[in-house]
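What follows is a single structure, written as structure tokens, with notes after it.
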Amino acid sequence: MTTTVAASDGTSRGRRVQAGLLLQRQGALIALVVLVVLGALRYGEKFATGYNLSSFTGDTAKYGLVALGMTFVIMTGGIDLSVGSVAALGGVVAIKVSAHGLLAGLLAGIAAGAAVGAVNGFLITRLRLQPFIVTLASLLAIRGLALDLAGTRAAVAAPGGFQKLGSWSLLGLPVAAWATLLAFLVGAAVLRYTPWGRRVLAVGGNVDAARLMGLPVARTTFSVYVVSGALAGCAGVFLGSQNGSVDTAAGQGWELSAIAAVVVGGTLLTGGVGSVLSSLVGVLLLQLIFNLIVFENGKGAISISSYWESVIRGAFLLVVVLLQVRLVRRRRSVGRPA
Amino acid sequence: MNTRRATESRPGDGGATTTSDPVGSPVAGPPTGSAATIESQGAVWRRTSWQVWAQRYGALVALVALFIYNAIDTPFFLTPQSLLFVLLRQAAPIAIVAVGMAIVIGTAGIDLSVGSVMAIAGQVGATLVLHDQPFLLAIVAALLVSALCGVFNGTLVARFGVQPIIATLILFIAGRGIAQLITGGELQALSDPDFQWIGLARPFGLPAQVLLAFVVAVVAWLVIRLTVYGRHVVTVGGNETAARLAGVPVARVKLLAYVTSAVLAGLVGLITVSANFASDANNTGVGMELDAIAAVAVAGTPLTGGKVSVWGAVVGAVLLKLLQNTLISHGITKEVAQIIEGAVIVAALWLQRHEG
């Protein structure tokens, strides 16, 4: 059903579909802008500047990186449930290696993530196992590996260079936030302008068609999992450097919040359609809800239990999903030949 | 009745999907309606016999092998204490949830919300009991709330056409928050022997939860094998379009599958709360969805739907638990055991892969 719409023509049908997609994307963006403006008006200076801005973006950066990788995976019609465990592994490896220098730690964390991604990709493309269950198995196994490497305790970084990575900031924003922003911009450009990006969408849109066109389907799918693993590993490095440690529960549930962010951003789980930057919007939106609750409690007028956070996130996801269903249905009825 | 309609509809759908999709063949299968056709249809015949064999009995063989190994190697393994009260008692909750999961997976769905539903049911039951309500009311109310969760999931999937993984993700996220809100995240200590019967009692010298798991499995097995609903589940999962054309009430079949899964999860939530003497919304059922899906998958049931193996799910749950216990009892740390478990799941999938 889903086609690589963005690539298609300028017929009236294509344009209407594109308009629908645009609405889908901008819905999340509009909600984000409204919430930011609302927050800025209501909570003033403290909300939009200084400490809150840097801690919010630094925090969100990790989820952003994971969601970026997930976006590519989902675009091919796959899924990567292992990202949370991979982030934990990346953090632990980075902390272990960071004794040899900051850069070595960073690279080792990313490499560890990419290696797990390569194993996932191999199992999915060569052995043709289902992505859901393969990455579920690696969710279990990699968490075990990370815990084993850390000696079932929190891995603690030596004070010094590695921890500085988490505290450095540039123009008021932490390094992690800049790195994530850069990653998203590069990701968006790659998706739009490189053959690889077009292949990712083509594979997700229709595997058989992509194969018949002579596209290297297996290689493309494989590479998407490597990218997702590497980005998750990088997220783990930032986690470790910001906290100075990676505890045993690090990264738990990240896979599902990443999927939620991607969906909120408007990427369809069936693959073939999606936008990289809208996933960033999705991540920001879901994190902002939590941030606003903290501020609302800080005002003291009402007190919202932090348990509401997950309920509100769930409700939000529900609204987005229902809106999407309407859009997809409209698209389908439009897409049907008269 | 159903089969007649199915046969009639075959020429009507242009032969596009029904006949070419081997998994969807309950519709196109022999019109005898006998239960045996449910599991032995389609592509299975085209494969070499050992593959069929590995797919159907692989998990069971692994379980038996592991069992024999333990019987020889592990002291006190063959005692009722160890078998009933350690292995089966630990495996029972996973098995019950896995049976519900198997039905949902049979419709080509998935239910990520089972852990959260467990937490909600446990909280509802415990809270009512602690407020001096009769224990039966507490149990019924908890199961009703679980059913409501299932209706929520099922409505999203069946009526709105939301992808199952996303639809149940909503309750996965929100459900735990709801459970925590019931008591503000506080742990509730319990001591009500009547209410805790399902987690603690030993009728006929057997742990109640093991008995419950057995009853649930038998009932589910009979329903899947012998009833029209059972055939509908397989048909819907195998080929939804064909099922719809054949007059199967697809939406209702799916809805009922999610309700079943949620009620079974709620039951396990009550068992967990009872066995722990406390209801803890923060930890009840965390990771249960993964355990249950792994149990279903390790027994060779494809996640793409069209096949329900109730005993497979039970065998898978016991197998994974026994594997875990075996590794840990041999001095392998829980973490390394987890790595091996992941590898075993992948290996099982590879051995039982479903390719034409």
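Any idea which of A:GLY172, A:GLY101, A:GLY151 is in contact with a Ser or Thr (Cβ under 9 Å, 6 or more places away or on another chain), on the phi > 0 side of the Ramachandran plot and surrounded by fewer than 24 Cβ atoms within 10 Å (Cβ to Cβ)?
Answer to the selection: A:GLY172.
May I ask you to verify whether A:PHE238 is in contact with a Leu (Cβ under 9 Å, 6 or more places away or on another chain), of a type in the set (Phe, Trp, Tyr) and farther than 30 Å from A:THR270 by Cα?
Considered against the rule, which asks whether it is in contact with a Leu (Cβ under 9 Å, 6 or more places away or on another chain), of a type in the set (Phe, Trp, Tyr) and farther than 30 Å from A:THR270 by Cα, A:PHE238 comes out as yes.
Residues checked against (1) part of a helix (DSSP H, G or I); (2) modelled with pLDDT under 90; (3) in contact with a strand residue (DSSP E or B) (Cβ under 8 Å, 6 or more places away or on another chain):
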{"position": "B:PHE195", "(1), (2), (3)": "no, yes, no"}
{"position": "B:GLY199", "(1), (2), (3)": "yes, yes, no"}
{"position": "B:VAL219", "(1), (2), (3)": "yes, no, no"}
{"position": "B:ALA243", "(1), (2), (3)": "yes, yes, no"}
{"position": "B:ALA251", "(1), (2), (3)": "yes, no, no"}
{"position": "B:ALA262", "(1), (2), (3)": "yes, no, no"}
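When the range B:78-123 is examined, which residues are found to be buried (at least 24 other Cβ atoms within 10 Å of the Cβ), of a type in the set (Ser, Thr, Tyr) and not in a helix (DSSP H, G or I)?
Result: B:THR107, B:SER113.
Here is a list: B:LEU290, B:LEU255, B:LEU319, B:LEU327. Which entry is closer than 20 Å to B:ALA347 by Cβ, more than 14 Å from chain A (Cβ to nearest Cβ) and assigned to a helix (DSSP H, G or I)?
None of the others qualify; the one that does is B:LEU319.
Condition (residue is under 13 Å from the mean Cα position of the chain (by Cα) and at pLDDT 80 or above) applied to the range A:289-299: is it met by at least one residue?
No, the range A:289-299 contains no residue that is under 13 Å from the mean Cα position of the chain (by Cα) and at pLDDT 80 or above.
In the list A:ALA118, A:ALA146, A:ALA141, A:ALA99, which residue meets the criterion of being more than 9 Å from chain B (Cβ to nearest Cβ) and closer than 25 Å to A:SER245 by Cα?
None of the others qualify; the one that does is A:ALA99.
Name the residues in the range B:52-77 that are exposed (fewer than 13 other Cβ atoms within 10 Å of the Cβ) and of a type outside the set (Val, Ile, Thr), would you?
Passing the criteria: B:TRP53, B:ALA65, B:ALA71, B:ASP73, B:PRO75, B:PHE76.
Pairs needed: first member in the range B:98-123, in contact (Cβ under 8 Å) with a residue 60 or more places away in the chain; second member anywhere, among the aromatic types (Phe, Trp, Tyr); C-beta distance under 6 Å; at least 6 residues apart or different chains.
These pairs meet every condition: B:LEU112/B:PHE172; B:SER113/B:PHE172; B:SER116/B:PHE172.
All but one of (1) within 11 Å of another protein chain (Cβ to nearest Cβ); (2) within 19 Å of B:GLY237 (Cα to Cα) hold for B:ILE332; which doesn't?
The number of the failed condition is (2).
Only one residue in A:LEU256, A:LEU288, A:LEU317, A:LEU239 is within 14 Å of A:TYR63 (Cα to Cα), outside any loop (DSSP other than H, G, I, E, B) and at the interface with chain B (Cβ under 9 Å from one of its Cβ atoms), so which one is that?
The match here is A:LEU256.
Table: residues versus (1) crowded, with 24+ Cβ neighbours inside 10 Å; (2) touching a residue at least 12 places away in the same chain (Cβ under 8 Å).
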site	(1), (2)
B:ALA313	yes, yes
B:LYS321	no, yes
B:GLN324	no, yes
B:SER329	no, yes
B:LYS334	no, no
B:ILE339	no, no
B:ILE345	yes, yes
B:ALA348	yes, yes
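Say whether the condition of being under 10 Å from the mean Cα position of the chain (by Cα) and within 14 Å of another protein chain (Cβ to nearest Cβ) is met by at least one residue in the range B:295-311.
yes
Determine if the range A:72-81 includes at least one residue that is part of a helix (DSSP H, G or I) and over 18 Å from A:VAL263 (Cα atoms).
The answer is no; no qualifying residue exists.
With the structure loaded, tell me whether A:LEU123 is within 11 Å of another protein chain (Cβ to nearest Cβ) and touching a residue at least 60 places away in the same chain (Cβ under 8 Å) or whether it fails that test.
Spelling it out, it is not the case that A:LEU123 is within 11 Å of another protein chain (Cβ to nearest Cβ) and touching a residue at least 60 places away in the same chain (Cβ under 8 Å).
In the range B:241-267, which residues are in contact (Cβ under 8 Å) with a residue 12 or more places away in the chain and among the basic types (Lys, Arg)? Steps first, please.
Initial filter on the range B:241-267 (in contact (Cβ under 8 Å) with a residue 12 or more places away in the chain): B:241-243, B:245-267.
Residues satisfying the conditions are B:ARG252, B:LYS254.
Name the single residue that is modelled with the highest pLDDT among those in the range B:338-355 being more than 7 Å from chain A (Cβ to nearest Cβ) and either assigned to a helix (DSSP H, G or I) or closer than 18 Å to B:LEU66 by Cα (or both).
Step by step, filter the range B:338-355, then rank; the result is B:ILE340.
Considering only the range A:266-288, state which residues are of a type in the set (Gly, Ala, Ser), over 10 Å from the mean Cα position of the chain (by Cα) and modelled with pLDDT of 80 or more.
Hits for the range A:266-288 are A:SER275, A:SER278.
If you take the residues in the range B:172-193 that are assigned to a helix (DSSP H, G or I) and at the interface with another protein chain (Cβ under 7 Å from one of its Cβ atoms), which one is surrounded by the fewest Cβ atoms within 10 Å (Cβ to Cβ)?
Result: B:LEU181.
Checking A:THR180 against (1) more than 14 Å from every other protein chain (Cβ to nearest Cβ); (2) surrounded by fewer than 24 Cβ atoms within 10 Å (Cβ to Cβ); (3) closer than 25 Å to A:LEU102 by Cα; (4) of a type in the set (Ser, Thr, Tyr), only one condition comes out false. Which one?
(2)
The values are calculated or read from the model by the stated rules, or taken from the named source; none is laboratory data. No experiment lies behind these values; they were computed from the predicted model shown. Note that we place each Cβ from the backbone using ideal geometry, even for glycine, and neighbour counts take in every protein chain shown.
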